[in-house]
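The block underneath contains the structure these notes are about, expressed in structure tokens.
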Amino acid sequence: MFRVGKEEIEAVTRVIENGCFFKINSGLQETAHCEEEMKKLFNAEYVITMTSGHAALTAALIGMGIGPGDQVIVPGYTYISTAMAVTSVGAIPVIAEIDETLTLSPEDFERKITKHTKAVIPVHIQGFPCNMDKINEIAKKHNILVLEDACQADGGTYKGTRLGLCGDAGALSFNYYKVISCGEGGALLTNNRDIFEKALIYHDSSAVAFFGDQLSDVESQLFCGNEYRTNEIASAILRVQLGRLDGIIADLRRNRDYIAEKLSAHFKLRPSNDFNGGVPTTLAIEIENADKAKEYAKAIDGGCPIFTGKHVYSNWTSILAKNGAVNPNFDPFKMEANKDIIPDYSPDMCPKTLEYLSKTIYVLIEPSWTKEEMDAIVEKAIANKHILD
Ligand SMILES: *Cc1c(COP(=O)(O)O)cnc(C)c1O
């Protein structure tokens, strides 16, 4: 999905010739520049680049003060990493339904709130924006923090605001499968000073206070953190990738619009909370006959979300089995503080989610496709429609 070229080679060469790959004392300060550029691009007050999207989600939860005794609501359709960010801070994930947009159902989110709920993680899955207005409204009413998982939606927007900045904090990912990539990487975005400071301390084993100027005016007390620091080579690549981001998204949207326009006469498209704001790596089509979805998807070189493994909660083996850690005292599912707040997980606990995913076909979208290539895709989709009858 991501694009890469000679600019990345030049960026890596620059860092190697400089000889220092460590972000703190590198003369080039690639990471510091990268974070400044991200702040401008996304209109964020604070950005911390890290080793992964999972690291950014975890650091954000730590920054929000979430831990044992707390429930965090996650949708049943997201990569398992979202739920594991919750267990990694000792809290309990509560799985909620998605709606026909394939993102978190605001109604089920509200239904699943208990007095232990401290945060919700809406996920902009496949680049489809969540209904942030409703989610924020419900969260505010119940005094719940909102952490957006925008790992599959780098650079997308909801009503003009960049995804990741519509709630209290957000996480982006730059791993191999995302729209931009630096091998492995992630970023936390927030406009909240307190979340930023604590996430900053956490992501650098609290040692960063003794180095760089980033922390010189941090007021939060130091605590034991983890080591999620990025490095200068990844940051140099990421700076180039950031420059490509809006172009990739524009190409994705143009190609999605072209295909959507042609297919909408023949199929029912899944509704969207912000059709123009998404990062459409796929076009979602609603189908009646779930039994024939797999065969049809194969025939059109597309996909069915129900068969995407660890993206569907019913395949989150470690969560469903409540195996949170090796050491039982460190396992959120065995902690005393959590003993009354663990839901009854089961593979069929979110039936609407399974139904929506079973009745959806993805037409994959590539930013580089030509009109001819897209015409062939559209033709194939229509010609094979009989499979669904
Ligand atoms: C990729 C992804 C993550 C985790 O990102 P990593 O960089 O691989 O840690 C989290 N949530 C979702 C929805 C993702 O797709």
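For region 1-40, a residue qualifies if it is surrounded by fewer than 16 Cβ atoms within 10 Å (Cβ to Cβ), under 23 Å from the mean Cα position of the chain (by Cα) and part of a loop (DSSP other than H, G, I, E, B), and exactly one does: Val4. Here region 138-167 is the region considered, the condition is being away from the ligand (no atom under 16 Å from the Cβ), of a type in the set (A, V, I, L, M) and not in a loop (DSSP other than H, G, I, E, B), and the residue that is surrounded by the most Cβ atoms within 10 Å (Cβ to Cβ) is Ala139.
Within region 168-186, if we keep just the residues that are more than 9 Å from the ligand (Cβ to nearest atom) and buried (at least 23 other Cβ atoms within 10 Å of the Cβ), the residue that is farthest from Gly277 (Cα to Cα) turns out to be Cys182. Where helices (runs of 4 or more DSSP H) fall entirely within region 276-389, those with at least 2 residues that are buried (at least 19 other Cβ atoms within 10 Å of the Cβ) are at 293-299, 351-358, 371-383.
Annotation note: Cβ proximity below 8 Å between a residue of region 7-27 that is under 13 Å from Ser235 (Cα atoms) and modelled with pLDDT of 95 or more and a residue that is loosely packed, with under 14 Cβ neighbours inside 10 Å and basic (Lys, Arg) (sequence gap 6+ or interchain) occurs for no pair. Residue-level analysis places Lys292 among those that are farther than 28 Å from Lys178 by Cβ, of a type in the set (Lys, Arg) and at pLDDT below 95.
If a residue must be surrounded by fewer than 24 Cβ atoms within 10 Å (Cβ to Cβ) and either part of a helix (DSSP H, G or I) or within 19 Å of the chain's Cα centre (by Cα) (or both), how many such residues does region 230-248 contain? The qualifying residues number 10. Set side by side, the residues Ile95, Ile66, Ile62, Ile113 differ, and just one is among the aliphatic types (A, V, I, L, M) and either free of Cβ contacts under 8 Å to residues at least 40 places away in the same chain or out of contact with any strand residue (DSSP E or B) (no Cβ under 9 Å at 6 or more places or on another chain) (or both), which is Ile62. Annotation: of all residues in region 50-73 being more than 10 Å from the ligand (Cβ to nearest atom) and assigned to a strand (DSSP E or B), the one that is farthest from Ala337 (Cα to Cα) is Ile73. The number of residues in region 139-189 being among the small types (Gly, Ala, Ser) and within 14 Å of Leu238 (Cβ to Cβ) comes to 7. Are any of the residues in region 125-133 among the polar types (S, T, N, Q), outside any loop (DSSP other than H, G, I, E, B) and more than 16 Å from the ligand (Cβ to nearest atom)? No, because not a single residue in region 125-133 is among the polar types (S, T, N, Q), outside any loop (DSSP other than H, G, I, E, B) and more than 16 Å from the ligand (Cβ to nearest atom).
For beta carbons closer than 6 Å, sequence separation of 6+ or different chains, a first residue in region 141-160 that is without any contact (Cβ under 8 Å) to a residue 12 or more places away in the chain and under 14 Å from Thr103 (Cα atoms) and a second that is within 15 Å of the ligand (Cβ to nearest atom) and not in a loop (DSSP other than H, G, I, E, B), there are no qualifying pairs. Here Ile113 clears all of (1) over 19 Å from Ala59 (Cβ atoms); (2) in a helix (DSSP H, G or I); (3) of a type outside the set (D, E, K, R) except the condition numbered (2). Among the residues making up region 312-356, those that are among the hydroxyl-bearing types (Ser, Thr, Tyr) and in contact (Cβ under 8 Å) with a residue 24 or more places away in the chain are Tyr313, Ser314, Ser318, Tyr345, Ser346, Thr353, Tyr356.
Determine, yes or no, whether Val86 is under 20 Å from Asp344 (Cα atoms) and either touching a residue at least 12 places away in the same chain (Cβ under 8 Å) or within 16 Å of the ligand (Cβ to nearest atom) (or both). Considered against the rule, which asks whether it is under 20 Å from Asp344 (Cα atoms) and either touching a residue at least 12 places away in the same chain (Cβ under 8 Å) or within 16 Å of the ligand (Cβ to nearest atom) (or both), Val86 comes out as yes.
The values are calculated or read from the model by the stated rules, or taken from the named source; none is laboratory data. Given the structure is predicted, the values throughout are model-derived calculations rather than measurements. Glycine gets a Cβ as well: all are built from the backbone with ideal geometry, and neighbour counts include every protein chain shown.
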